[in-house]
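**Q** Got a structure for you, questions after.
The values are calculated or read from the model by the stated rules, or taken from the named source; none is laboratory data. This one's a predicted model, so the numbers in the text were calculated from it and none came from an experiment. Cβ atoms come from the backbone with ideal geometry, glycine included; neighbour counts cover every protein chain shown. With ligands, DNA and RNA removed, areas are computed over all heavy atoms of the protein, side chains included. Shrake-Rupley method; radii C 1.70, N 1.55, O 1.52, S 1.80 Å.
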Amino acid sequence: MYGLITTSLLLLFSFNSFSQEIKKAEEQTKYLSVNLLPTIGTTIELGYEKNFIPQVSLSIYGGYTFSYNFENYSQTQKITEYLKNSGAFIKLETKITLRKDLNKIRPFIGFIVLNSLSIEESKTTRTGNTILYKTNEFNLGVVAVIGVTSSATKRLNVDLGLQFGTLLINNLATKKSYLPGMGIDIFGNGYTTQGVLRVKYRIN
């Protein structure tokens, strides 16, 4: 009798432990992703994300800006500027999602550290004189992302949001430059903006 009870308890404990491991494995989802919005700026951004628990995930992203072209003419200063920008970048992100499980659409906030190599080529014409320059410099920035994420139980998952960043180490030749992986300073106030439309494919 005691043996039967002991065996039943052991089986119950084993089943419960097995169920917890399955649940833990389900919560630790992994994704490969591509961010579609930066393609407007001729940028490819690919990534890998892992959810350790439903609320917290860590990601690494990398990519390259092939060629972002900018042209500006100032009537008052009689300056015409042509700017070409390209370069590689790598981003590390911690994302916090406001949910208890993986089944529902929920808001999230992300914190990113970015290292970017910006290659700038410029030609500035002022009153008939032309100035040419090319820079190849590293930049370090921090970025905050706010948005929503879809249910993570499906094979395909989507993040939609907006990121805002600022540079800690700024080696850009001009504020008008598109910083690979970080976006562009639209208002000239030192803060960059870029959209996020990340399509993710679950690999586990």
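**Q** Inside segment 184-204, can you point out the residues that are under 16 Å from ASN170 (Cα atoms) and touching a residue at least 60 places away in the same chain (Cβ under 8 Å)?
**A** Within segment 184-204, just ILE184 meets the criteria.
**Q** Can you find, within segment 155-166, the residue that is least open to solvent (accessible area, probe 1.4 Å) among those that are under 19 Å from the mean Cα position of the chain (by Cα) and more than 12 Å from GLY195 (Cα to Cα)?
**A** Checked segment 155-166; the qualifying residue least open to solvent (accessible area, probe 1.4 Å) is ASN157.
**Q** Please work out which residue is modelled with the lowest pLDDT, limiting yourself to segment 87-106 and to residues that are outside any strand (DSSP E or B) and among the aliphatic types (A, V, I, L, M).
**A** Residue satisfying both the conditions and the ranking: LEU102.
**Q** For segment 176-204, which residues satisfy the criterion of being assigned to a loop (DSSP other than H, G, I, E, B), open to solvent by 10 Å² or more (accessible area, probe 1.4 Å) and either at pLDDT below 85 or at positive phi (or both)?
**A** Within segment 176-204, the first condition is being assigned to a loop (DSSP other than H, G, I, E, B), and the residues that meet it are 176-177, 180-182, 185-190, 203-204.
This time we only want the ones that are open to solvent by 10 Å² or more (accessible area, probe 1.4 Å), so: 176, 185-190, 203-204.
Hits for segment 176-204 are LYS176, ASP185, ILE186, PHE187, GLY188, ASN189, GLY190, ASN204.
**Q** Another question, if that's okay. Would you be able to say whether some residue in segment 112-124 is part of a loop (DSSP other than H, G, I, E, B), of a type in the set (Asp, Glu), open to solvent by 40 Å² or more (accessible area, probe 1.4 Å) and modelled with pLDDT under 80?
**A** Taking every residue of segment 112-124 in turn, none turns out to be part of a loop (DSSP other than H, G, I, E, B), of a type in the set (Asp, Glu), open to solvent by 40 Å² or more (accessible area, probe 1.4 Å) and modelled with pLDDT under 80.
**Q** Still on this structure, I have one more. I'm checking my understanding of the structure. Among residues of segment 67-78 that are part of a strand (DSSP E or B) and exposed (fewer than 14 other Cβ atoms within 10 Å of the Cβ), which one is modelled with the highest pLDDT?
**A** Checking each candidate, the answer is SER67.
**Q** Here's a follow-up. Looking at ILE60, ILE44, ILE22, ILE53, which is the one that is of a type in the set (A, V, I, L, M), open to solvent by 70 Å² or more (accessible area, probe 1.4 Å) and at pLDDT below 50?
**A** The unique qualifying residue is ILE22.
**Q** Of these, ALA152, ALA173, which one is surrounded by 20 or more Cβ atoms within 10 Å (Cβ to Cβ) and outside any strand (DSSP E or B)?
**A** One residue alone meets the criteria, ALA152.
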